[in-house]
Amino acid sequence: MFAINGSASSNSTNLKLIELIAKLTETEFNLTIFNDLKSLPHFDPELSANNPPAAIVAFRKAIEESDGLIICTPEYVYSIPSGLKNAIEWCISTTVFTDKPIGLITAAAGGQKGHKELQLIMKTALTKFRDDTTLLIQGIKGKFDEQGNFTDIETHKRLTSFTTALIDLVQNR
């Protein structure tokens, strides 16, 4: 499995969620976390198909070779973050997303618009997801204590259900 942290923050709650998912699924998946969208160059359609930069080739290969994908992202100004959109754009001229099982999490203060946008983009990219492999977590910062531990029991149950559904989607693709 390959997980993309859509946040550019060094103290990302989205990264903490991905790390929690890694613990919840450690007997099912070997989860590789991509936490450096800032390292990817700005999308250039002239390079995308025929001469992509090495970082993009490696990013695409990691997605292509994975059994499934998780995107966990905040919402910025009612949208997905620009770094995440940039990464996705680099992959659109390929088939790395086609029929790829995917789990989509938007973890933000609000997140509704960004979550809908992420689903639309990944549907357009031909990934495979279901309602139970998408998760909107609102008020994310209040769900961790000062030590970075996840403390919200109800959201933890929802996250566990999400991971169970994602395991099913990947295993029955």
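Filtered by the rule that a residue be free of Cβ contacts under 8 Å to residues at least 40 places away in the same chain, touching a helix residue (DSSP H, G or I) at 6+ places or on another chain (Cβ under 7 Å), assigned to a loop (DSSP other than H, G, I, E, B) and more than 25 Å from N86 (Cβ to Cβ), the stretch 125-173 gives R130, T151, D152.
From the list D168, D131, D145, which residue is of a type in the set (D, E, K, R) and under 16 Å from the mean Cα position of the chain (by Cα)? Outline the logic, then answer.
Working: D168 fails: under 16 Å from the mean Cα position of the chain (by Cα); D145 fails: under 16 Å from the mean Cα position of the chain (by Cα).
Residue meeting the stated conditions: D131.
You will find that of N30, N5, the residue that is buried (at least 18 other Cβ atoms within 10 Å of the Cβ) and either aliphatic (A, V, I, L, M) or within 22 Å of V96 (Cβ to Cβ) (or both) is N5 and no other.
Do you know which residues across the stretch 104-115 are assigned to a helix (DSSP H, G or I) and under 14 Å from the mean Cα position of the chain (by Cα)? Write out each step before concluding.
Our first condition is that a residue be assigned to a helix (DSSP H, G or I); within the stretch 104-115, this holds for 112-115.
G114, H115, listed by residue number.
Of the residues making up the stretch 16-47, those that are of a type in the set (K, R) and either free of Cβ contacts under 8 Å to residues at least 12 places away in the same chain or on the phi > 0 side of the Ramachandran plot (or both) number 1. Within the stretch 94-123, residues that are under 20 Å from N5 (Cβ atoms) reach partners that are assigned to a helix (DSSP H, G or I) and small (G, A, S) with beta carbons closer than 6 Å, at six or more positions or on different chains, in the pairs T106/G114. Go through (1) over 16 Å from E75 (Cα atoms); (2) of a type in the set (D, E); (3) at pLDDT 95 or above and name the single condition E117 misses. Condition (1) is where E117 drops out. Scanning the stretch 65-93 for residues that are under 19 Å from M1 (Cα atoms), buried (at least 16 other Cβ atoms within 10 Å of the Cβ) and not hydroxyl-bearing (S, T, Y) turns up G68, L69, I70, I71, C72, L84, A87, I88, C91.
The values are calculated or read from the model by the stated rules, or taken from the named source; none is laboratory data. Everything numeric in this text was worked out from a predicted model, so none of it was measured. Because the Cβ atoms are built from the backbone with ideal geometry, glycine has one as well, and the counts that use them run over all protein chains shown.
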